[in-house]
Amino acid sequence: MKLEADLFEFKYLEKILGSFSKATGLHIEAVDDIGETFYIPDKTDRCEFCQYIRSHPNGTAKCHASYRQATLEAAKWEEPYFFRCHAGLVLWAVPIIMPGAPLRSIICGQVLMWKPDRFLFQELKEFNARIHNFEELKEKAKQLEVISPSRSQAVADTLFVVVNHLIKRDIHILEQIDTKKKMQQQIRKDLQDRKKLKVSVLNDYGAYLKKERSFLRDIRLGDKTRAETNLNSLLTYLFTKTVGDKTEIRVRVIELATLVSRAAVEGGADAEHVMAMLKEFNKEVEKFEQVEQFFCRIQTLVAEFLGDSLSMADKKHLSLVNDAKRFIVENHPKPIKIEDVAAHLFISASHLSRLFQRELNCTVNDYITRVRVERAVELMKQPELNVEQVSKAIGFQNQSYFAKFFRRYIGVTPLAYRNSLF
């Protein structure tokens, strides 16, 4: 089944997944948010074990349920999620997360982590208690591939990188399309306004240069919001002034890129990086044939320059925040407070609080609690630990206090969450 042409161009991923399956020898299929498969590489089948399981009553429905839960977990943690399906095989789900698109994942595996022995067969029998002819299932289990945990992790990580690369590529394409539409709308509006006011589009460049100076000042100051707004206005004015002449627009855009690069360096961006980006920009625009291409590319360049400039200006602040995060992660079981974190960094608590609000949009105490709850989720997977032990292990001495924050972040009580795991 082919994916509909929505926000994600799945045809590119189809080709990659087919090659990936051939290269690794592992089964791959893409599933939707209810666990139903919508893509399997051509000329590949599920293993005989899975086919046998699905041939029994409710077998397929149980597979869908397993895949659905794995898809939700992978999306929640935004990383590969390893699991054992209802029949006892090892698989992993790699999330496909696109803004505005339905939740999906790539399911890979249908393998075993160790060679079949009596303990494994005993487990499989418990997993598949409703299968009457277990000896037949047992023979099919012997044919399953056995791969090491390190290899399965490597495969999952590689697949995750591939999927994310293609997602970012498609997001970039969608942003370009959106930029073109907005620019065209703005240009049409500007032309209509000029007609109503009977303003000639053939006036001199005085107003344009004034806008340009204001825009370059925004770049030097690192004012991202004003810079992007003024750039849109500047490009719209340029289009109306040149009446859409591609040759003149090309010249002005290249000229503007050079001025922006110098302003970005003055604003703190790395000069070598900026010059490299400018060189690449000049190569690309020489090949452009449409006005929208020039405008989209200069907008992308400005965003990159601003990102470079702001990252240099904020490098010290980000370093402090990262050091604070590291200290919290390492010491979360202890009764730490914002004053303890600030003292470790040799800065004031108020300054640390401002940095967290600016960089992470949360308080230091919120971050400490978030780290503890995330650690609690991991500890819950250990059946030998009860809720009270988990609570104390992450620094909560009061169990009701722990339950309150756990429910706030996860949506259910610790006990309900733990019971859902076993």
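In the condition set (1) more than 14 Å from ALA30 (Cβ to Cβ); (2) surrounded by 14 or more Cβ atoms within 10 Å (Cβ to Cβ); (3) without any contact (Cβ under 8 Å) to a residue 60 or more places away in the chain, GLN122 is compliant with all but (2). Of all residues in the range 247-293, those satisfying the criterion of being under 23 Å from LEU209 (Cβ atoms), at pLDDT 85 or above and of a type in the set (A, V, I, L, M, F, W, C) are ILE249, VAL251, VAL253, ILE254, LEU256, ALA257, LEU259, VAL260, VAL274, LEU278, PHE281, VAL285.
For the range 231-254, residues that are of a type outside the set (Asp, Glu) and not in a helix (DSSP H, G or I) total 2.
Scanning the range 37-48 for any residue that is open to solvent by less than 20 Å² (accessible area, probe 1.4 Å), at pLDDT 90 or above and touching a Gly at 6+ places or on another chain (Cβ under 9 Å) turns up nothing. Residue count for the range 340-383 under the criterion of being assigned to a helix (DSSP H, G or I), closer than 30 Å to SER420 by Cβ and not β-branched (Val, Ile, Thr): the result is 10. Across the range 318-336, what is the total count of residues that are surrounded by 13 or more Cβ atoms within 10 Å (Cβ to Cβ) and not in a helix (DSSP H, G or I)? Matching residues across the range 318-336 total 3. Checking the condition at pLDDT 85 or above and over 22 Å from the mean Cα position of the chain (by Cα), which residue from ASP340, ASP314 passes? Step by step, each of ASP340, ASP314 is checked, and only ASP340 is at pLDDT 85 or above and over 22 Å from the mean Cα position of the chain (by Cα). Residues that are of a type in the set (Val, Ile, Thr), open to solvent by less than 30 Å² (accessible area, probe 1.4 Å) and over 29 Å from the mean Cα position of the chain (by Cα) within the range 235-281 comprise THR236, THR240, THR242, ILE249, VAL253, VAL260, listed in sequence order.
Scanning the range 34-46 for residues that are under 16 Å from THR60 (Cα atoms) and not in a strand (DSSP E or B) yields ILE34, GLY35, GLU36, ILE40, ASP45, ARG46. Selection of the range 410-422 for residues being surrounded by fewer than 15 Cβ atoms within 10 Å (Cβ to Cβ) and in contact (Cβ under 8 Å) with a residue 12 or more places away in the chain yields LEU415, LEU421, PHE422.
Contact annotation: residue pairs with Cβ atoms under 6 Å, 6 or more positions apart or on different chains, pairing a residue in the range 16-36 that is surrounded by fewer than 19 Cβ atoms within 10 Å (Cβ to Cβ) with a partner that is of a type in the set (A, V, I, L, M, F, W, C) and in a helix (DSSP H, G or I), are ILE16/VAL162; THR24/VAL155. The sole residue among ASN386, ASN398, ASN419 that is at pLDDT 85 or above and over 25 Å from VAL321 (Cα atoms) is ASN386. Scanning the range 123-160 for residues that are part of a helix (DSSP H, G or I), closer than 12 Å to LEU112 by Cα and small (Gly, Ala, Ser) returns ALA141, SER152. When we screen GLU284, GLU289, GLU228 for residues that are open to solvent by 20 Å² or more (accessible area, probe 1.4 Å) and not in a helix (DSSP H, G or I), the only hit is GLU289. Put simply, of VAL371, VAL321, VAL329 the only residue that is modelled with pLDDT of 80 or more and farther than 24 Å from GLN399 by Cβ is VAL321.
Where residues in the range 384-409 are touching a Leu at 6+ places or on another chain (Cβ under 7 Å) and part of a helix (DSSP H, G or I), which of them is least open to solvent (accessible area, probe 1.4 Å)? My answer is VAL390. Every test in (1) open to solvent by 10 Å² or more (accessible area, probe 1.4 Å); (2) under 37 Å from the mean Cα position of the chain (by Cα) is passed by GLY88 save one, and that test is (1). The set of residues in the range 54-113 that are aromatic (Phe, Trp, Tyr) and not in a helix (DSSP H, G or I) comprises TYR81, PHE82, PHE83, TRP92.
Does LYS2 fit the bill of being modelled with pLDDT under 85 and on the phi > 0 side of the Ramachandran plot? Considered against the rule, which asks whether it is modelled with pLDDT under 85 and on the phi > 0 side of the Ramachandran plot, LYS2 comes out as no. How about the range 341-367: which of its residues are charged (D, E, K, R) and touching a residue at least 40 places away in the same chain (Cβ under 8 Å)? Matches in the range 341-367: ARG358, GLU359. Filtering the range 368-379 for residues that are open to solvent by less than 20 Å² (accessible area, probe 1.4 Å), touching a residue at least 12 places away in the same chain (Cβ under 8 Å) and in contact with a Gly (Cβ under 9 Å, 6 or more places away or on another chain) leaves a non-empty set.
Scanning the range 21-33 for residues that are in a loop (DSSP other than H, G, I, E, B) and within 21 Å of the chain's Cα centre (by Cα) gives ASP32, ASP33.
The listed residues are ILE107, ILE131, and the only one of them that is among the β-branched types (Val, Ile, Thr), open to solvent by 10 Å² or more (accessible area, probe 1.4 Å), under 22 Å from ALA65 (Cα atoms) and in contact with a helix residue (DSSP H, G or I) (Cβ under 6 Å, 6 or more places away or on another chain) turns out to be ILE131. Restricting attention to the range 195-219, the residues that are open to solvent by less than 100 Å² (accessible area, probe 1.4 Å) and either at pLDDT 60 or above or of a type in the set (S, T, N, Q) (or both) add up to 14.
The values are calculated or read from the model by the stated rules, or taken from the named source; none is laboratory data. The shown structure was predicted, so the numbers you read here are calculated from the model rather than taken from an experiment. Methodologically, a virtual Cβ is constructed for each residue, glycine included, from the backbone with ideal geometry; neighbour enumeration extends over all protein chains shown. The accessibility values were calculated without ligands, DNA or RNA, using every heavy atom of the protein model including side chains. Shrake-Rupley method; radii C 1.70, N 1.55, O 1.52, S 1.80 Å.
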